[in-house]
Amino acid sequence: MSRDAMDGDPLPEVEVECPYCGEVFATLVDTGTRDAAYVEDCPVCCAPIEFTVSWPPDGGPLEVRVARDDD
């Protein structure tokens, strides 16, 4: 994904794996700021997932990481 997504393009959809139940699901990610961190519930098991969204300094593709919220 290019940096153009930060400039008003629709929210990109990515597939992630729930760190609790292991199910893969598609979700929209917030690219309105350079970096973002937020919690979203898994649509399968309802557990809270920490999302970290960032743009690498070298101009690479969008990075989306997920982690358990209970650690």
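Every number here is computed from the coordinates shown, using simple stated rules; none is lab data. From a predicted model like this one, the values you see are computed outputs, not experimental measurements. We place every Cβ from the backbone using ideal geometry, glycine too, and count neighbours over all the protein chains shown.
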Sites Val14 and Asp58, calculated FRET efficiency, Cβ-Cβ separation with R0 25 Å, nearest 0.05: 0.80
Cα-based convex hull, the range 31-71, per residue volume (Å³, whole number): 76
